[in-house]
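The values are calculated or read from the model by the stated rules, or taken from the named source; none is laboratory data. Just so you know, these numbers come straight off a predicted model, no measurement behind them. Note that we place each Cβ from the backbone using ideal geometry, even for glycine, and neighbour counts take in every protein chain shown.
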Amino acid sequence: MSAVLDTMPQTSEVSPGLWRLAGRRLLKDRVGMVSAVVVLFFLLIIIASAFGWVAADWGREVGVSYANPSFIAGQENLEAQTMNAAKKKDDVPLTDLSAVDPLAPWYAEWEARTKRIEVTQVERAETLPFGGDKWGRDIVKKTIKGAQSSIVVGLVAAFAAAFLGTLFGALAGYFGGWIGDFFEWFYNVFTSIPYILLVLAFAAVFASSPFLAQFRGVPMVILILGVTGWTGIYRLVRAEYMKHRSREYVRAAEAIGASHGRRMFIQILPNVSHVVLVQLSQHAVGFIKAEVILSFLGFGVPIDSVSWGTMLAEAQNELIIGKWWQLAAAGASMAVLVTAFSMFTDALRDALDPKLK
Amino acid sequence: MTAYLIRRLWQMIPTLAGVVLLLFFLFNWVGGDPAQVLAGKISNPEQIANIRKQLGVDLPYWQQLLIFLKQIVTFDFGRSWSTNEEVSHIFLTRVGPSLTIMVPLLILQTVFGVLFAIGVAYVRGSLTDRIIMIVCTVAMSISFLVYIIVGQYVFGFVLGWFPVQGWSDSFGKNLVTYAPLPILLALFVSVAPTLRLYRSFFLDEISQDYVRTARAKGLTEKTVMLRHVMRNAMIPILTDVAIALPGLMIGSFLLEKFFSIPGLGREVITAVGRSDFPVIKAVTVYLAVFTMFINLAVDLLYKWIDPRVEFK
Amino acid sequence: MSNTLSTGAANSARAVGSEKSPLLEVENLRVSFRIDKHTTFEAVKGISLAIPVNSTVALVGESGSGKSVSAMAILGLLPEESAIVSPDSAIRYRGRDLLKESADALRQVRGKEISVIFQEPMTSLNPVFSVGYQIIEILRLHMNMNGAAARRRAIELLTEVGIPNPELRIDAYPHELSGGQQQRVMIAMAIACEPKLLIADEPTTALDVTIQKQILDLIAALQKKHHMSVLFITHDLGVVGEIADDVVVMRNGEIREQGTVAQIFGSPSDAYTKALLACRPRLDRRPMRLPVIDDFMNGAAPTEFKERPRGLTPNDEIILEVKELGKTFYAREGLFGKRAIPAVKSVSFKLAKGKTLGIVGESGSGKTTVGLTVMRLHAATSGEVLFDGKDLLALSPGEFMRYKRRIQIVFQNPYASLNPRFTVGNILIEPMEIHAIGNSSAERTKLAAELLDKVGLPRTAMHKYPHEFSGGQRQRIAIARCLTMKPDVLICDESVSALDVSVQAQVLNLLQDLQDEYKMSYLFISHDLTVVKYMSDQVMVMNNGEVVEFADADEIYLNPKQAYTQKLLASVPQGFAAHQSA
């Protein structure tokens, strides 16, 4: 037999596949790693928040109205002063109306009863670490809880959209023919309507549907974004499958007798998964931003919950009266997360498909 | 070419049917009985009864579908559930303001996007390139909301360069006084993603073989970029612009909301808040049709810009 | 290692206008490429050569030899982000060092004094401008012509390169022309400003063999007419023999040998050059085994080989019979209509057990479609494929599964036919799993390892991914994959066409050894006539979906009866020997 002439690498351990090579490249990318750490940090915080270990009491009104952040404690706070002043009204003696007041005989009894009930009067703080909102809620805790809403929506909706888009794209791209035509028709229907309008239409309907009322809040937003957001991934996956199905390795798989299912998911999918991963990541970023806007408009998380979007909605009116910390907290933390996530996505894409820049 | 045109028009029908079915499914089936939907929002029982009669809520589904179809064809969606204004009137009067903002915005966005992208592509790989890309990424991660809130505050309230909100009846006054601030803010937000996208188009073209040939002919780098690369990159750029066209009509609902511009976007947002289905349905159907025709026009335009395209 | 280059005096016929000093001199050229932040790869390791005035120099080498990189370095056309040229290198042209010239000065040289034509004319022309525009562009740039004059000159150039109807074609877009015509347009652009040197980087590799001959003749004619020099880069020694005056042989970034064409072909001194010359299959001889590079590099140069007899005997059993096979593709046209594209029109042949049937033809002849249709990778439109008493085309997909393993295929592109995400082990075990070969995972792994031995790959390959192997090694893996099923018939669809000559020889030897051992029957599809003659017992020539001629291999090459076959044979570059006797 002809001898081995081409030089072979001497090592005999398992050679790196795509993922391990990509992993190595990613680790060497400093910007990518820093971004990954930042994203991880956010994820840890929202996991803690979801389990209630931090910020579970974000709704408690612990501060005075528009409490100043600790670092500018000295700033004038007219709203808090007004609120305190209002409380003090109780000290002003009332005009005696007992002659005409039908309830007058009972006041003494009620007064006595009230005194017997223990009321823990929470001393409202003058300042909070990053300030308070109109009701005196701690901005830091709100930001954390808000992060939870926005990020959970972003990630889960991205997975949902990626799942649908990949499934549809694989079927349409691989089979072509009338299956492909059907999915193309479906895709055309969804994309004939401008995206924002589609989302709003779904939001309008889902919000008012009695059947879907049980899903109100975060699950609903996830549903809306997932059901409308699959089209981008579909397009890409379909193109990839169309490209790969006529590649020789798939032909070879057919020649050795592989079934359609095997060809689609065991042969082709591993070659497409890196594209899907990058899309997933990009969509997560987009959905986080979309959730913020939806919550801002009131179509997102319910009233008793908080999201960066609701914080920005409140912040809108606060800026005029000089209270900028809620805007800063929500805006900045969102900016940091999205920047880190975007850079991580870019690094991931470059690691999976390196091109000499 | 006529055969192509006819085939495309023919193919629009199933898509349009699909859109109608989707909306019908959403609004009539999932959306549910207007009585429940409007329960907290309209207190007049007579009005609700009227609406139910109009929609034919008690009729079997296929009859409801026919009613819907008739509405589409006759451009008569009845009246808004909340304001009682005729939906067709709403549509016609609100499109103008939306376009007044969006058309200049699209033009400026494309022009700036192309200029910056060429510039960045020219210095590709350099420190400037990387810094600009990072700035873009950061710019894109700040929510549009923050830009508008801060922008409105700084430029309108504090500096007073522009009115904080408002709209007038005169087109000229709108364009010059009321439109600039919203357009400017939207431009800030959209330049970054546009720049990134167009830069990638240019870079894809630069790595093609014909660029090497152009250099081998002795052309200057500037000529190679502005003549050879640009002409090829315009193809995906125009596609991108074309995709944005249907969105022009609906406008930027955030801008319209913040700046009190009586455009179609704000109308839709208000309608969603009030569960005002007729308005949403009408706007969606007409925009879908509009989108399909725009797509067809763009495909025809393609032949003019890309000689490789064949009509089959 | 390199001989001194003769200055053209040996060939008196070409001495007209030759001067003593060379036109272009490359001195100690060193080029490295940056692969990532930490690694560089040296592609050219210090080569020196000279191109005389008014002559053709062929730069020969296989892939990775650095020949293209060297040529591109002359005009500074290497990718600027990754290429590093050593400051010790120099490329002297008319007293200037082109590597040290300013960008402006270099641009004056490009296109005007030195021009280039590339391998892929389709992508080398700008798709959105007409061909006329692109020719006129260079005329306006260097020759300062105005619009009307430039257009006239462009039409003249198109006529000179042999484009029919130049007044109409001048406004055509590149995609409207055929591959050969596109290359002629590239040539027209290149000679427009009467350059002194034309660099031709594998200009005919992507073209059919008949078109190749036309382009080679054109370049040779233009070289004589304009007294320009040509630096012709190629891997095909046959081409070199026909057109070159001087030859430079490169391998792995170094020059192995340089000299006149007579010296290189007649009395090569370097082992690699000798190997390269010897391991090509030839039309006039058919050794039992093709010599391979190693035979020469290790010093033991084989002298005479026994000839291998080919052809059918009356006792040969017929294993596969194809009757009136037809395959038509349909494209949509008009409003509702379909346009029929008949790729294969009524092809019939018989394949004998243990023998090879070569199917030869140019692109579009339908030869590949025949192979794919026999295996039911395309659905046939008509005809029968009789195998083991059954018509394979008439079986249901379920019934056909049993026969699938008995007819297998090795595809052309070694870089595309193996799944990049599978390890070699996975690739080999998968068919065994599908066809229930072997009783356990361990047994299958053992079988796979044995097959790796058989095709000459180390067992450590099992855990590696395809991207770590060269083209030739990947083809061996593909062959091993087929062997897992022990097929009776193996279809080799251009299986060696994408490989370097030296690697091709190894793979051909492997295929032949396997046929000798397992008595497999081969359908050997290729456009390369010399390889087909070497491998086949019988040959079938196809053109436009039809069989043009069918005969024993020796017979068809000695006495081609059909005009098309004769034309095909005449286009094969004969190499230096034939050229000299002409």
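Inside the stretch C:435-450, can you point out the residues that are surrounded by fewer than 20 Cβ atoms within 10 Å (Cβ to Cβ) and touching a helix residue (DSSP H, G or I) at 6+ places or on another chain (Cβ under 6 Å)?
Correct list: C:438, C:449.
Taking the stretch B:295-312 on its own, how many of its residues are assigned to a helix (DSSP H, G or I), surrounded by fewer than 18 Cβ atoms within 10 Å (Cβ to Cβ) and at pLDDT 80 or above?
Final tally of qualifying residues: 8.
If you scan the stretch C:197-220, which residues turn out to be within 14 Å of another protein chain (Cβ to nearest Cβ) and either touching a Gly at 6+ places or on another chain (Cβ under 9 Å) or assigned to a loop (DSSP other than H, G, I, E, B) (or both)?
Answer for the stretch C:197-220, where residues must be within 14 Å of another protein chain (Cβ to nearest Cβ) and either touching a Gly at 6+ places or on another chain (Cβ under 9 Å) or assigned to a loop (DSSP other than H, G, I, E, B) (or both): C:202, C:203, C:206.
Could you pull out the residue among C:211, C:163 that is of a type in the set (Val, Ile, Thr), surrounded by 21 or more Cβ atoms within 10 Å (Cβ to Cβ) and farther than 24 Å from residue C:77 by Cα?
C:163
State all residues of the stretch C:159-180 that are assigned to a helix (DSSP H, G or I) and touching a Lys or Arg at 6+ places or on another chain (Cβ under 6 Å); if no residue qualifies, say none.
C:175
Within the stretch B:267-284, can you find the residues that are of a type outside the set (Ser, Thr, Tyr), within 9 Å of another protein chain (Cβ to nearest Cβ) and part of a helix (DSSP H, G or I)?
Of everything in the stretch B:267-284, those that are of a type outside the set (Ser, Thr, Tyr), within 9 Å of another protein chain (Cβ to nearest Cβ) and part of a helix (DSSP H, G or I) turn out to be B:268, B:269, B:271, B:272, B:273, B:277, B:280, B:281, B:283.
What helices (runs of 4 or more DSSP H), lying completely within the stretch A:100-212, carry at least 1 residues that are closer than 30 Å to residue A:333 by Cβ, away from chain B (no Cβ under 14 Å) and touching a Gly at 6+ places or on another chain (Cβ under 8 Å)?
In the stretch A:100-212, the matching helices (runs of 4 or more DSSP H) lie at A:139-175.
Take the stretch C:453-474 and flag every residue that is over 16 Å from residue C:515 (Cα atoms) and surrounded by 21 or more Cβ atoms within 10 Å (Cβ to Cβ).
Those that are over 16 Å from residue C:515 (Cα atoms) and surrounded by 21 or more Cβ atoms within 10 Å (Cβ to Cβ): C:457, C:461, C:464, C:465, C:466, C:469, C:472, C:473, C:474.
Those residues that are within 11 Å of chain B (Cβ to nearest Cβ) and basic (Lys, Arg), I need them from the stretch C:121-166; list them, please.
Matches in the stretch C:121-166: C:140 only.
Any residue in the stretch C:447-465 that is on the phi > 0 side of the Ramachandran plot sitting within a Cβ distance under 6 Å of a residue that is modelled with pLDDT under 90 and not hydrophobic (A, V, I, L, M, F, W, C)? List the pairs, counting only those 6 or more apart or interchain.
Short answer, once both residue conditions are applied: C:456/A:2.
Considering only residues that are surrounded by fewer than 20 Cβ atoms within 10 Å (Cβ to Cβ) and of a type outside the set (S, T, N, Q), which ones fall in the stretch C:242-273?
Residues satisfying the conditions are C:254, C:262, C:266, C:271.
Would you check which residues across the stretch C:525-547 are of a type outside the set (Ser, Thr, Tyr) and either free of Cβ contacts under 8 Å to residues at least 60 places away in the same chain or surrounded by fewer than 22 Cβ atoms within 10 Å (Cβ to Cβ) (or both) and list them?
C:527, C:528, C:543, C:544, C:546, C:547
Can you go through B:229, B:224, B:191 and tell me which one is part of a helix (DSSP H, G or I), more than 14 Å from chain C (Cβ to nearest Cβ) and crowded, with 18+ Cβ neighbours inside 10 Å?
None of the others qualify; the one that does is B:191.
Out of curiosity, is residue C:399 more than 30 Å from residue A:272 (Cα to Cα) and more than 9 Å from every other protein chain (Cβ to nearest Cβ)?
yes
Looking only at the stretch B:267-277, filter to residues that are surrounded by fewer than 24 Cβ atoms within 10 Å (Cβ to Cβ) and either at pLDDT 85 or above or in contact with a strand residue (DSSP E or B) (Cβ under 9 Å, 6 or more places away or on another chain) (or both); which one of those is nearest to residue B:19 (Cα to Cα)?
Among those that are surrounded by fewer than 24 Cβ atoms within 10 Å (Cβ to Cβ) and either at pLDDT 85 or above or in contact with a strand residue (DSSP E or B) (Cβ under 9 Å, 6 or more places away or on another chain) (or both), it is B:269.
Please specify each residue of the stretch B:4-30 satisfying the condition of being surrounded by fewer than 17 Cβ atoms within 10 Å (Cβ to Cβ) and at pLDDT below 80.
B:29, B:30
Filter the helices (runs of 4 or more DSSP H) completely within the stretch C:60-157 down to those with at least 1 residues that are out of contact with any Lys or Arg (no Cβ under 9 Å at 6 or more places or on another chain), loosely packed, with under 15 Cβ neighbours inside 10 Å and modelled with pLDDT of 90 or more.
Once the helices (runs of 4 or more DSSP H) in the stretch C:60-157 are filtered for at least 1 residues that are out of contact with any Lys or Arg (no Cβ under 9 Å at 6 or more places or on another chain), loosely packed, with under 15 Cβ neighbours inside 10 Å and modelled with pLDDT of 90 or more, what remains is C:103-109, C:131-143.
Can you find a residue in the stretch A:240-253 that is out of contact with any Asp or Glu (no Cβ under 6 Å at 6 or more places or on another chain), away from chain C (no Cβ under 14 Å), part of a helix (DSSP H, G or I) and within 22 Å of residue A:348 (Cα to Cα)?
Yes: one or more hits.
Within the stretch B:233-254, how many residues turn out to be crowded, with 24+ Cβ neighbours inside 10 Å and either over 13 Å from the mean Cα position of the chain (by Cα) or within 8 Å of another protein chain (Cβ to nearest Cβ) (or both)?
4
Assess whether residue A:301 counts as being among the aliphatic types (A, V, I, L, M) and not in a helix (DSSP H, G or I).
When the stated conditions are applied, residue A:301 passes them.
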